[in-house]
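Input: a single structure, listed below in structure tokens.
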Amino acid sequence: MVRARWLVAGALAATLLGPGGAECADDNRPIDLETWHEQLGTLHQGDEAEEEPRPVFGIYPSLSAALGLPDIVSIQGHVYLSMSDGSRYGVFVGAGFEEGTPADATIVTVGWGGVRPLPMPTEQWGFYGKFLRYRRWEHRDHGVHHGLSVGAESGAGYLGLSVEVGAARSDRNHWTATAQIALKVGLPIGIDLNHRK
């Protein structure tokens, strides 16, 4: 048993201090970190040049289940159109509907935000970020309300999550709050605007 341990230790030492290891062991020069960083930077810049960002026009139809005020539980449908630089930034506009009790709504959304290059089944194409939303509520008891809300939306591939807060007021001076969290299932479609031959 002791002999086997010495054989394994000897084999490891021979591997580590073989031709390359002996050179490292005898070399007492300090490592030049600046040169090492420059070499890494050159390699990294080469990778970025190969995958340069491309502008993308996006279409994003989706359905959501929302929890919160004023309906407690509601169903939403949206269609977003987006424009993204394909790297870090995008803007989107959308129209949609919400159905619930006691109010239904027609929705218009304007959003802006980041495009994060994360590994996922589909690219983001600028559909996520912060948004400003207008709703025309049709309340069954208090008539038509006009309201604004602000929120944020994030997602990965076919799934998204949004959170928003706001308020709406009717012509009869009745106020209602909007405070929702929505889980979204969608089908992001991207159209590459680079015309490469």
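Please find, within the stretch 52-108, the residue that is nearest to Asp141 (Cα to Cα) out of those that are touching a Phe, Trp or Tyr at 6+ places or on another chain (Cβ under 9 Å) and among the aromatic types (Phe, Trp, Tyr). Break it down stepwise before answering.
Residues of the stretch 52-108 that are touching a Phe, Trp or Tyr at 6+ places or on another chain (Cβ under 9 Å), as a first pass: 56-62, 70, 75-84, 86, 89-96, 98, 103-108.
With the extra rule that they be among the aromatic types (Phe, Trp, Tyr), the set shrinks to 57, 60, 80, 89, 92.
Details: Phe57: 41, Tyr60: 33, Tyr80: 31, Tyr89: 42, Phe92: 33 Å.
Filtering the stretch 52-108 for residues that are touching a Phe, Trp or Tyr at 6+ places or on another chain (Cβ under 9 Å) and among the aromatic types (Phe, Trp, Tyr), the one nearest to Asp141 (Cα to Cα) comes out as Tyr80.
If you check Glu138 against the conditions, is it buried (at least 19 other Cβ atoms within 10 Å of the Cβ), assigned by TED's automatic domain parsing to the domain that holds Val108 and out of contact with any Pro (no Cβ under 8 Å at 6 or more places or on another chain)? Show your work before the answer.
Values: buried (at least 19 other Cβ atoms within 10 Å of the Cβ): no; assigned by TED's automatic domain parsing to the domain that holds Val108: yes; out of contact with any Pro (no Cβ under 8 Å at 6 or more places or on another chain): yes.
No, not satisfied.
How about the stretch 125-197: which strands (runs of 3 or more DSSP E) wholly inside it have at least 2 residues that are over 18 Å from Ser84 (Cα atoms) and not β-branched (Val, Ile, Thr)? Break it down stepwise before answering.
On the way: elements: 129-139, 143-156, 159-170, 175-186, 189-192.
By residue number, 129-139, 143-156, 159-170, 175-186.
Per-residue answers, yes or no, for (1) surrounded by 14 or more Cβ atoms within 10 Å (Cβ to Cβ); (2) acidic (Asp, Glu); (3) closer than 19 Å to Leu148 by Cα; (4) at pLDDT below 75:
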{"position": "Leu12", "(1), (2), (3), (4)": "no, no, no, yes"}
{"position": "His37", "(1), (2), (3), (4)": "no, no, no, yes"}
{"position": "Pro53", "(1), (2), (3), (4)": "yes, no, no, yes"}
{"position": "Leu67", "(1), (2), (3), (4)": "no, no, yes, no"}
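The values are calculated or read from the model by the stated rules, or taken from the named source; none is laboratory data. Source: prediction; values computed, not measured. In this analysis, Cβ positions are derived from the backbone assuming ideal geometry, glycine residues included, and neighbour counts consider all displayed protein chains.
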